[in-house]
């Protein structure tokens, strides 16, 4: 599989990667054996980039990924994880329990301080059974920009100087703050979730040009916007919650980072259905078009897909390998 460099580093990632939120139990519980088999299928098909985070299943996704990678040759794959949330033991289910089903009784809390960033990194190393991480991302610092700049970013730079990480970045569901991070000149890549898709392209105006100017690579997540770009319906998920009449209320209640303008569920569903009509006209599957779309931009290093079964891996790989007539994009 083709690989692309990350920023100005010597690190390269496969064009198709695996996101591990489903491995951590989103949006449904997943048995560990099935999770490992899913990852093994991706490996067999040449995928060598895996993204995870302490938040995913409150450590469970990292632990499962670590078990899977334990017997793999370290230089044959690239792994990214994140800092910004500390995971602590809890005697109750997490307030985020609707996100991660079957997760242990632990509680995540935000902390972008210097010391907490180093602790988060060390905790991730233990869960992953590794002694280094390739890409370390600041995770969802939406309401913590100054703390992330003065705490997390400085700590990550220290880790990069110590050569226990190779690339520095941020992972978010919004573009405005990523643009601010880009202008620091201190990052190699961003993981942008849901904001450069067939459905939502609000990153085109400022973020993508800024990344190109500063030689920052983009890792694209959420290409299906949580499912609406697979099967547009009122039972679909959009940005992590079901797109029914209670969509906006539930999104706010769960603290999901939503699009800035808070359009209605009807707006997004109608837009997705219109896109689907265009795809059908050109005889292209909507899911395939959604996965292929980000590659139209030269700054996109890789596309992540969250998977929970062997079949999903194979479907996504088939979409990645598909040729699409340029008439669709025009």
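Can you pull out every residue in segment 154-168 that is free of Cβ contacts under 8 Å to residues at least 60 places away in the same chain, under 17 Å from residue 124 (Cα atoms) and in contact with a helix residue (DSSP H, G or I) (Cβ under 9 Å, 6 or more places away or on another chain)?
Within segment 154-168, 158, 159, 164, 165, 168 meet the criteria.
Among the numbered criteria (1) crowded, with 17+ Cβ neighbours inside 10 Å; (2) outside any loop (DSSP other than H, G, I, E, B); (3) touching a helix residue (DSSP H, G or I) at 6+ places or on another chain (Cβ under 9 Å); (4) modelled with pLDDT of 90 or more, which one does residue 107 miss?
The failed condition is (4).
Condition (residue is touching a helix residue (DSSP H, G or I) at 6+ places or on another chain (Cβ under 7 Å), under 22 Å from residue 3 (Cα atoms) and modelled with pLDDT of 95 or more) applied to segment 80-97: is it met by at least one residue?
Yes, segment 80-97 contains at least one residue that is touching a helix residue (DSSP H, G or I) at 6+ places or on another chain (Cβ under 7 Å), under 22 Å from residue 3 (Cα atoms) and modelled with pLDDT of 95 or more.
Only one of 110, 99, 55 is within 30 Å of residue 143 (Cα to Cα) and out of contact with any strand residue (DSSP E or B) (no Cβ under 8 Å at 6 or more places or on another chain); which?
Sole residue among the options that is within 30 Å of residue 143 (Cα to Cα) and out of contact with any strand residue (DSSP E or B) (no Cβ under 8 Å at 6 or more places or on another chain): 99.
Residue by residue, here is whether (1) under 19 Å from the mean Cα position of the chain (by Cα); (2) closer than 27 Å to residue 38 by Cα holds:
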residue: 235; (1), (2): no, yes
residue: 253; (1), (2): no, no
residue: 268; (1), (2): no, no
residue: 274; (1), (2): no, no
residue: 286; (1), (2): no, yes
residue: 306; (1), (2): yes, yes
residue: 329; (1), (2): no, no
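Taking interchain pairs and intrachain pairs at least six residues apart, which have beta carbon atoms under 7 angstrom, with the first residue in segment 269-288 and closer than 24 Å to residue 244 by Cα and the second modelled with pLDDT under 95?
Pairs found: 269/234; 269/243.
Rundown of residues vs (1) surrounded by fewer than 17 Cβ atoms within 10 Å (Cβ to Cβ); (2) in contact with a strand residue (DSSP E or B) (Cβ under 6 Å, 6 or more places away or on another chain); (3) at negative phi, yes/no style:
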{"position": "129", "(1), (2), (3)": "yes, no, no"}
{"position": "138", "(1), (2), (3)": "no, yes, yes"}
{"position": "144", "(1), (2), (3)": "no, no, yes"}
{"position": "150", "(1), (2), (3)": "yes, no, yes"}
{"position": "159", "(1), (2), (3)": "no, yes, yes"}
{"position": "168", "(1), (2), (3)": "no, no, yes"}
{"position": "177", "(1), (2), (3)": "no, no, yes"}
{"position": "185", "(1), (2), (3)": "yes, no, no"}
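Out of the residues in segment 241-274 that are assigned to a helix (DSSP H, G or I) and within 18 Å of residue 99 (Cα to Cα), state the one that is modelled with the highest pLDDT.
247
Kindly indicate whether residue 34 is over 25 Å from residue 300 (Cβ atoms) and not in a strand (DSSP E or B).
yes
Inside segment 18-37, can you point out the residues that are crowded, with 24+ Cβ neighbours inside 10 Å and in contact with a strand residue (DSSP E or B) (Cβ under 9 Å, 6 or more places away or on another chain)?
Hits for segment 18-37 are 18, 19, 20, 21, 23, 26.
Could you please tell me which pairs satisfy a Cβ distance under 8 Å, a separation of 6+ or placement on different chains, a first residue in segment 302-322 that is under 18 Å from residue 24 (Cβ atoms), and a second residue that is outside any helix (DSSP H, G or I) and at pLDDT below 95?
Pairs that qualify, where the first residue is under 18 Å from residue 24 (Cβ atoms) and the partner is outside any helix (DSSP H, G or I) and at pLDDT below 95, are 306/26; 308/28.
Given the structure, is residue 18 closer than 25 Å to residue 227 by Cβ, within 15 Å of the chain's Cα centre (by Cα) and part of a strand (DSSP E or B)?
yes
Scan segment 201-219 for residues that are on the phi < 0 side of the Ramachandran plot, surrounded by fewer than 22 Cβ atoms within 10 Å (Cβ to Cβ) and not in a helix (DSSP H, G or I) and jot them down.
Scanning segment 201-219 gives 201, 202, 204, 205, 206, 214.
Please go through segment 227-249 and pick out each residue that is under 21 Å from residue 174 (Cβ atoms), surrounded by fewer than 20 Cβ atoms within 10 Å (Cβ to Cβ) and in contact (Cβ under 8 Å) with a residue 24 or more places away in the chain.
Matches in segment 227-249: 237 only.
List every residue pair whose Cβ atoms sit under 6 Å apart, with the two residues 6 or more apart in sequence or on different chains, where the first one lies in segment 84-101 and is surrounded by 15 or more Cβ atoms within 10 Å (Cβ to Cβ) and the second, anywhere, is part of a strand (DSSP E or B) and at pLDDT below 90.
87/106; 94/107
Of the residues 46, 24, which is over 18 Å from the mean Cα position of the chain (by Cα) and within 27 Å of residue 164 (Cα to Cα)?
46
The values are calculated or read from the model by the stated rules, or taken from the named source; none is laboratory data. Given the structure is predicted, the values throughout are model-derived calculations rather than measurements. Positions of Cβ are backbone-derived with ideal geometry, glycine not excepted, and every protein chain shown enters the neighbour counts.
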